[in-house]
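What follows is a short report on a single structure.
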């Protein structure tokens, strides 16, 4: 089986009663077998179950690391894209309140493909990248939407060897289909034209090439 991120060779990793998982021998990402990927209808039903109230203090606290990173890196008025904004785009709400110009995109809830014909100073993907069925295509698209010097900010849980995958809570959401290893992120930086990679807990920063390069 070919890894949908790096095209490396993937081997069986773990089977539950309903799901089969494979691990790439190159980038060490773990992903759901293609036969077990959720349908778009199943995905949308699951996302509608999320309680993403933009006024919820707990939800606001959850996205605070991402929001603070953007505000620390980007001047007020910077143009950002919330890619995979979902039903309650709380991070965009907070960033707009702080003076950023935010555009929303989501294939289910903010399906306005015209916004993908522009470029942005920064992009946020808050709990989104683990949902990518075709992660290489998605990261290439995200890179193409960033202006020179821009940054992609993601939040996700990374897979690590010390995790007990069978009991790992993050795999229990059936719409979580690709779990990134540090080596997966390094591959993205090296092969999909990003300049820098920075990790801070669950926050992933991928920076673009410098303008002069």
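FYI, it's all coordinate maths here, none of it is from the lab. All figures in this text were calculated on a predicted structure; none of them were measured in a lab. Note that each Cβ is placed from the backbone with ideal geometry, even for glycine, and that neighbours are counted across all protein chains shown.
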Scoring the chain by relative contact order with C-alpha pairs under 8 Å, at least six apart, yields a percentage of 19
Tell me the Kirkwood radius of the range 27-94: reciprocal of the mean inverse pair distance over distinct alpha-carbon atoms, in Å. 14.6
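Sort 95-103, 174-182, 108-116, 144-152 for me by packing, meaning the mean count of neighbouring Cβ atoms within 10 Å per residue, highest on top. Numbers along the way, then the final one.
Details: 95-103: 16.4, 174-182: 20.3, 108-116: 12.6, 144-152: 18.4.
Going by the mean number of other Cβ atoms within 10 Å, highest first, we get 174-182, 144-152, 95-103, 108-116.
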For the range 68-146, just list the percent of Cα-Cα distances falling in each 5 Å bin from zero outward, please. 3, 15, 28, 27, 19, 7, 1
In whole percent, what relative contact order does the range 1-99 give with Cα contacts below 8 Å and a gap of six or more residues? 18
With no solvent and one point per C-alpha, what does the Debye sum give as log10 I(q)/I(0) for the chain at q = 0.09, 0.13 Å⁻¹? -0.34, -0.74
FRET E, pair residue 198, residue 18, Förster distance 35 Å, beta-carbon r, rounded to 0.05: 0.45
Which angle from 0 to 90°, rounded to the nearest 10, does the C-alpha axis of helix 135-144 make with the longest principal axis of the chain? 20
Degrees separating the helix 57-73 axis from the principal Cα axis of the chain, which is the longest one: 70
Helix-only [θ]222 nm of the chain, DSSP H runs n ≥ 4, -39500 (n - 2.57) each, per residue, nearest 500: -7500 deg cm²/dmol
Mind checking which of 53, 183, 35 has the largest fluctuation in a GNM of the chain, springs on alpha carbons under 10 Å? 35
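At a 10 angstrom cut-off on C-beta neighbours, averaged per residue, how do the peptides 79-90, 63-74 rank from highest to lowest? Please list the in-between numbers first.
On the way: 79-90: 22.5, 63-74: 17.6.
Per-residue mean Cβ counts within 10 Å order the peptides as 79-90, 63-74.
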What is the angle, in °, between the Cα long axis of helix 182-191 and the longest principal axis of the Cα atoms in the chain? Nearest 10 is fine, range 0 to 90. 60
